[in-house]
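Input: a single structure, listed below in structure tokens.
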Amino acid sequence: MAIFLIIAKPIIAQEATNSATKTEDIKGILRQIVSQDNPQSDNSDNTGSNQPRLPKAFFGSITKINAGEITLNSQNENRLIRTGEETTYVDSKRRPAKLTSFKEGQTVLAMGVVNTDLSMDCSRIVATDSQSVINTHQIVSGQIVDVSQSQNSTIFVLIPSKNKNNQYQIKIDSKTVLTDAKGKTIASAKNIVSGKKLIAVIKPDSQIAQTFYAVRLIALDTTTISPTPTPKP
Amino acid sequence: MLLSQYYSMIKELILAIIIGAILGLGVTGSYLSYKGKKTTPPSQPLVTEPTLVPTTSVSPQPVSESESNSNPLTIISPTTDTLVSSPNLTVSGTTTPDSQIIIATAANIFTGQSDTNGKFSLPIKLESGLNIIKISSIDPQNNQFDYQLNVTYSTAKIN
């Protein structure tokens, strides 16, 4: 029995050592993965945004305000904005303001220079409503599948080449600019027909729901006049 | 006589105990060795287990659809979040050859074409403040690639 007891002890100790080693191995791998995935640990930045003292402007919503610094969520990234005595503040009505005038959740445009640690030394913070800067233009390339005419406008249906399950109802009027691929203005009558491929720069129509207004159209396969065949003698 | 028989029995008993112990050790050792092999995780789980780590806690790089690997449309200048003091800006980049280039700001549309090497350079005009610039290239096969960047035009003094 004594022999069994003596032998059993090292076996238990060995299992514990194996378990501890295994845990350490997993921890080491986890540390490696976290350090690989953490962009902060990598000084290189292929966007070039970490170059020293670059004038930049970050638009985003304030997530935190402390004395001398603001944290801004800009394009899903938290930016540290350092403010100082020289920082000027402008409210949404373009009036001079103070840092205390700003609140968390408010959208602002912060202008300044970016340091190597990606923080910004801010010169100017302007309260900016996100709706006021939105670009409603959409660029869609596709094929016309249906055209309907009315007194003042033409409405056609475009199936985009990117997603053929989708379709756009697009209105054009006399203000819509239609050009060929080389930028030459062309007539719409021959080029807004079913089967034609074009690029449309559109924005939501303010008058008709689910309809877009075409600001610019570029016909990709313009109608060309075929040469008259010379009669053979 | 009795004493010699007694010693002989003791010897046999000790021998039996030793043989039993050896056999017992052998069997126990084999069993533990087998169990150890069975329970020791192979190297594979060590690699797969960390995938359970919530890597989402690391804030992702702001990847627009423009920056996916399959997108040939690359903007060389300007970079996003650039601050300029002039309304006149040239957007340059590369894409597929002979493609239509469309640049849309909130107020204006600018068009051009890439050359046979896919390079393009287009002058545009900015509005005061933040400009969200949408750039698309459409190749002769009607494949569309998009890019978006923010450029701010301000004449305010930046230290």
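Within the range B:91-113, the set of residues being surrounded by fewer than 22 Cβ atoms within 10 Å (Cβ to Cβ), part of a loop (DSSP other than H, G, I, E, B) and under 31 Å from the mean Cα position of the chain (by Cα) comprises B:Thr96, B:Pro97. Inspection of the range B:114-130 finds a residue satisfying the criterion of being free of Cβ contacts under 8 Å to residues at least 40 places away in the same chain, assigned to a loop (DSSP other than H, G, I, E, B), of a type outside the set (Asp, Glu) and surrounded by 19 or more Cβ atoms within 10 Å (Cβ to Cβ).
If you scan the range A:114-142, which residues turn out to be surrounded by fewer than 17 Cβ atoms within 10 Å (Cβ to Cβ) and not in a helix (DSSP H, G or I)? Please lay out each step first, then the result.
Taking the range A:114-142 first, the residues surrounded by fewer than 17 Cβ atoms within 10 Å (Cβ to Cβ) are A:115-119, A:129-132, A:134, A:136.
Matches in the range A:114-142: A:Asn115, A:Thr116, A:Asp117, A:Leu118, A:Ser119, A:Asp129, A:Ile134, A:Thr136.
Look at the range A:192-205: where a residue is farther than 15 Å from B:Ala106 by Cα and at the interface with chain B (Cβ under 10 Å from one of its Cβ atoms) and a partner is surrounded by fewer than 22 Cβ atoms within 10 Å (Cβ to Cβ) and acidic (Asp, Glu), sitting 6+ places away or on another chain with Cβ atoms under 7 Å, you get A:Lys197/A:Asp221.
Comparison of B:Asn159, B:Asn142 shows that the only residue that is modelled with pLDDT under 95 and surrounded by fewer than 18 Cβ atoms within 10 Å (Cβ to Cβ) is B:Asn159. Looking only at residues in the range A:97-113 that are β-branched (Val, Ile, Thr) and part of a strand (DSSP E or B), the one that is surrounded by the fewest Cβ atoms within 10 Å (Cβ to Cβ) is A:Val113.
Test A:Val108 against the stated conditions and say whether it is in contact with a Pro (Cβ under 6 Å, 6 or more places away or on another chain) and farther than 27 Å from A:Asp221 by Cα. Explain how you work it out, then say what you get.
Numbers: in contact with a Pro (Cβ under 6 Å, 6 or more places away or on another chain): no; farther than 27 Å from A:Asp221 by Cα: yes.
Answer is no for this residue.
Entry remark, the range B:145-156: residues being closer than 30 Å to A:Lys196 by Cα and either over 32 Å from the mean Cα position of the chain (by Cα) or open to solvent by 50 Å² or more (accessible area, probe 1.4 Å) (or both) number 1 in total.
Considering A:Val145, A:Val157, the condition of being open to solvent by 60 Å² or more (accessible area, probe 1.4 Å), within 30 Å of A:Ala187 (Cα to Cα), in contact (Cβ under 8 Å) with a residue 12 or more places away in the chain and of a type in the set (A, V, I, L, M, F, W, C) is satisfied by A:Val145 alone. Annotation note: Cβ proximity below 8 Å between a residue of the range B:80-103 that is under 23 Å from A:Met120 (Cβ atoms) and within 10 Å of chain A (Cβ to nearest Cβ) and a residue that is among the charged types (D, E, K, R) and assigned to a strand (DSSP E or B) (sequence gap 6+ or interchain) occurs for B:Asp81/A:Lys56; B:Thr82/A:Lys56; B:Leu83/A:Lys56. Here the condition is being charged (D, E, K, R), open to solvent by 70 Å² or more (accessible area, probe 1.4 Å) and farther than 23 Å from B:Glu127 by Cβ; of A:Lys175, A:Lys162, A:Lys171, it holds for A:Lys162 alone.
If you check A:Asn166, A:Asn135 for being free of Cβ contacts under 8 Å to residues at least 24 places away in the same chain and at the interface with another protein chain (Cβ under 8 Å from one of its Cβ atoms), only one passes: A:Asn135.
The values are calculated or read from the model by the stated rules, or taken from the named source; none is laboratory data. Keep in mind it's a predicted model, so treat the numbers as computed, not measured. Methodologically, a virtual Cβ is constructed for each residue, glycine included, from the backbone with ideal geometry; neighbour enumeration extends over all protein chains shown. In case anyone asks, the SASA skips ligands and DNA or RNA and just uses the protein heavy atoms, side chains included. Shrake-Rupley method; radii C 1.70, N 1.55, O 1.52, S 1.80 Å.
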